[in-house]
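Undergrad: Can you read through this structure? Questions will come right after.
The values are calculated or read from the model by the stated rules, or taken from the named source; none is laboratory data. Please read these numbers as outputs of a predicted model, since none were measured by experiment. Cβ atoms come from the backbone with ideal geometry, glycine included; neighbour counts cover every protein chain shown. Please note that ligands, DNA and RNA were not included when accessible areas were found on the heavy atoms of the full protein model with its side chains. Shrake-Rupley method; radii C 1.70, N 1.55, O 1.52, S 1.80 Å.
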Amino acid sequence: MEPGRLSRNRRSPLHQVRYAAQHPERVPRHLRRLARDAWLRVRHRGDHVAYYRAVMASDAARSAEAAVGGVASSESWERIGRMQYTYLVDGHGLRPGHRMLDIGCGNLRAGRLFIARLEPGDYYGIDISPHILFAAQRTLVREGLQHKLPHLAVVQDLTLDFLPEGHFDVVHAHSVFSHSPLPVIDECLAHVGRILAPGGFFDFTFDRTTGAEHHVLREDFYYRTETLVALAARHGLRARFMEDWEKLPHGQSKIRVTHEGGPAVP
């Protein structure tokens, strides 16, 4: 990513004025988001999960594809899902026989590909939004994947307390922490180590900044890499910035987390 983009503060009034001048066609959508944000912040004061569940319900009512990472077309939905899958399968550790937890699985943009590759029952998808999991069920039917017996569950938080210890070889969260305040990320990192199998890893993407950490509304959060690496270390986890992921056309960065002192993972 270019340095100027990484240091940009998207919350600043100057940036927003410039952006509106460059993209006037996007102003009405931003104003609708602004009005929705004001209403939902009053309704779900202090509860980010409830707030973002309501955001997802609003977006999914218009389009399940658009609700997943803001992707507006089925072509983009397919491309980004395929990119996540190819990255993990081609030299980054996901193999048949692995058990996988997909945090924020959405309507199975990438999940449908993981499910097809893994053995029956070895894919677990969780999401805070029941609306988007209804769409995930439709994806399963459309792709003919019912025989793979994937697990899909709605969750209230990221304590992962209903999942077994040392069970998952791969934990994956694409475009989850980009919509999460730091306490939610901390909660996940505090508990993900318990469910990781020996030699397992947790990959997550995030919106990276080299400047001041900030958020736009309560939907989009921007973090420095060192903040998330240090947070993982507090919970006995080793975090590695995935340089090769940066070369792909996706807009987010990726970190891989493993047990401190565990074996190196590709």
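Undergrad: Could you work out the relative contact order of the chain, using alpha carbon pairs under 8 angstrom and six or more residues apart, expressed as a whole percent? The partial results should precede the final answer.
TA: Values: 430 pairs, mean separation 45.6, N = 266.
Across the chain, relative contact order equals 17 percent.
Undergrad: Could you tell me which residue out of PHE134, LEU118, PRO164 lies farthest along the dipole of the chain toward its positive end? Charges go on the beta carbon: Lys and Arg +1, Asp and Glu -1, centred on the Cα centre.
TA: The residue sitting farthest along the positive end of the dipole is PHE134.
Undergrad: Another one. Could you go through segment 195-207 in sequence order and give the Karplus-derived ³J(HN,Hα) for each residue, using 6.51 cos²θ - 1.76 cosθ + 1.60 with θ = phi - 60°, rounded to whole Hz, and x for Gly and Pro?
TA: Values, residue by residue: 8, 6, 6, x, x, x, 9, 10, 9, 9, 9, 7, 7 Hz.
Undergrad: Accessible surface of CYS188 in the full protein assembly, 1.4 angstrom probe, to the nearest 10 Å²?
TA: Accessible area, nearest 10 Å²: 0 Å².
Undergrad: To the nearest 0.05, how large is the calculated FRET efficiency for TRP39 and ARG10 if R₀ is 25 Å and r is the Cβ-Cβ distance? Mind dumping the intermediate values first?
TA: Working: r = 21 Å, r/R0 = 0.86.
Efficiency, from the Cβ-Cβ distance: 0.70.
Undergrad: Label segment 68-130 by shape, choosing from rounded, prolate and oblate, from the square roots a ≥ b ≥ c of the eigenvalues of the Cα gyration tensor; if a/c is under 1.5 it is rounded, and otherwise prolate applies when a/b is larger than b/c, oblate when it is not. Kindly include the intermediate steps, with their values, before the conclusion.
TA: Numbers: a/c = 2.26, a/b = 1.30, b/c = 1.73.
Oblate is the answer for segment 68-130, as a/c is 1.5 or above yet b/c matches or exceeds a/b.
Undergrad: Still on this structure, I have one more. How big is the charge dipole of the chain about its Cα centre, in debye rounded to the nearest 20, if each Lys and Arg gets +1 on its Cβ and each Asp and Glu gets -1 on its Cβ?
TA: Dipole size: approximately 840 debye.
Undergrad: Rolling a 1.4 Å sphere over the protein heavy atoms, what is the accessible area per residue of segment 73-174, to the nearest Å²?
TA: Per residue, segment 73-174 has an accessible area of 42 Å².
Undergrad: Work out the charge dipole of the chain with +1 on the Cβ of Lys and Arg and -1 on the Cβ of Asp and Glu about the Cα centre, then indicate which of LEU14, ILE185, SER175 is farthest towards its positive end.
TA: About the Cα centre, the residue reaching furthest to the positive side is LEU14.
Undergrad: Taking θ = phi - 60°, what integer Hz values does the Karplus form 6.51 cos²θ - 1.76 cosθ + 1.60 yield along segment 215-225, in sequence order, with x for Gly and Pro?
TA: 9, 10, 6, 10, 10, 10, 10, 10, 10, 7, 4
Undergrad: Counting only DSSP beta bridges with both residues in the chain, tell me the antiparallel percent, nearest 5. It would help to have the intermediate numbers written out before the result.
TA: Details: 13 of 32 bridges.
If I count the DSSP bridges inside the chain, around 40 percent turn out antiparallel.
Undergrad: Taking the Cα-to-Cβ direction at ALA61 and at VAL89 and moving 7 Å from each Cα, how far apart do the two end points lie in nm?
TA: 3.7
Undergrad: So, one more: Please say if segment 180-266 is rounded, prolate or oblate, where rounded means a/c under 1.5 for a ≥ b ≥ c the square roots of the C-alpha gyration tensor eigenvalues, and otherwise the choice is prolate for a/b larger than b/c and oblate otherwise? Write down the numbers at each step before the final one.
TA: Working: a/c = 2.12, a/b = 1.39, b/c = 1.53.
Oblate, since a/c reaches 1.5 and b/c is not below a/b.
Undergrad: Pop out the carbon and sulfur fraction of the accessible area of segment 122-179 as a percent, whole number, probe 1.4 Å. Provide the component values of the computation, followed by the final result.
TA: On the way: 1410 of 2540 Å².
Whole-percent figure for carbon plus sulfur exposure: 55.
Undergrad: With only Lys, Arg, Asp and Glu charged, each at its Cβ (+1 for the first two, -1 for the last two), find how big the charge dipole of segment 213-266 is about the Cα centre; round to the nearest 20 debye.
TA: Numbers: 8 positive and 8 negative charges, 35 e Å.
Roughly 160 debye, rounded to the nearest 20.
Undergrad: Still on this structure, please answer the following. How big is the chain by Rg and Dmax over its Cα atoms, in Å?
TA: Looking at the chain, its Cα Rg and Dmax stand at 18.1, 53 Å.
Undergrad: OK, next. For segment 190-266, give me the percentage of DSSP beta bridges that are antiparallel, rounded to the nearest 5 percent. Don't skip to the end; give the middle numbers.
TA: Working: 13 of 15 bridges.
Here the antiparallel bridges make up roughly 85 percent for segment 190-266.
Undergrad: For segment 110-189, build the convex hull from the C-alpha positions and give me its volume per residue in Å³. Don't skip to the end; give the middle numbers.
TA: Numbers: hull volume 8.1 nm³, N = 80.
Convex hull of Cα atoms, per residue: 101 Å³.
Undergrad: Once you have a ≥ b ≥ c as the square roots of the Cα gyration tensor eigenvalues for segment 216-266, tell me rounded if a/c is under 1.5, and otherwise prolate or oblate according to whether a/b is larger than b/c. It would help to have the intermediate numbers written out before the result.
TA: Numbers: a/c = 3.17, a/b = 1.34, b/c = 2.36.
Oblate, because a/c is 1.5 or more while a/b does not exceed b/c.
Undergrad: Then there's this: In whole Hz, with x marking every Gly and Pro, tabulate ³J(HN,Hα) for segment 74-86 from phi via Karplus 6.51 cos²θ - 1.76 cosθ + 1.60, θ = phi - 60°.
TA: Those phi angles translate into 5, 5, 5, 4, 5, 5, 6, x, 5, 5, 4, 5, 4 Hz.
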